[in-house]
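Please read the structure below before turning to the comments.
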Amino acid sequence: CAATMSGVYPGQAHENQDRFVARNYTVAEDGSKAALFGVFDGHGASGHTVAQFVCDRLAEGLRSVADTEAIIESFQRVDDLLEAEPDVPSVTSGTTACVLAIDAEDGVARVASLGDS
């Protein structure tokens, strides 16, 4: 269960720009079990679009990640995809990302954060 609420701007209706992911999965390479949790806080006029794009792509990119360097590379890869995507206005909008990946096999939790959240 997750709960978020949109920002408050006096006199303006504002779309909730928060996105989240919570997934259990099996790592394709070795069959190990893992879990991924992430919160994305969009900002700017199209922050909701950027946050959803990053949430979707980062979650997919991290599905087989088992080490810190691979998580960093996944963040960079998603940033590159975002820059190249003409339908997502990332020049004037963006998102933060806080991610927790838990490797159920070795009991190691890895945390990554990008932005000011």
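The values are calculated or read from the model by the stated rules, or taken from the named source; none is laboratory data. This structure is a prediction, so every number in the text was calculated from the model and none was measured. Every residue, glycine as well, gets a Cβ built from its backbone with ideal geometry; the counts of neighbours run over all protein chains shown. Areas reflect the complete protein model, heavy atoms only, side chains present, ligands, DNA and RNA absent. Shrake-Rupley method; radii C 1.70, N 1.55, O 1.52, S 1.80 Å.
Is the stretch 46-64 home to any residue that is surrounded by 13 or more Cβ atoms within 10 Å (Cβ to Cβ), out of contact with any strand residue (DSSP E or B) (no Cβ under 6 Å at 6 or more places or on another chain), modelled with pLDDT of 80 or more and part of a loop (DSSP other than H, G, I, E, B)? Yes, the conditions are met somewhere in the stretch 46-64. Among the criteria (1) over 17 Å from Q17 (Cβ atoms); (2) open to solvent by less than 20 Å² (accessible area, probe 1.4 Å), the one T96 does not fulfil is (1).
So which residues in the stretch 1-18 are open to solvent by 50 Å² or more (accessible area, probe 1.4 Å), at pLDDT 70 or above and part of a strand (DSSP E or B)? Q12 - this is the single residue of the stretch 1-18 that is open to solvent by 50 Å² or more (accessible area, probe 1.4 Å), at pLDDT 70 or above and part of a strand (DSSP E or B).
Consider the stretch 27-44 and keep the residues that are closer than 12 Å to D103 by Cβ and modelled with pLDDT under 85. The one that is surrounded by the most Cβ atoms within 10 Å (Cβ to Cβ) is A34.
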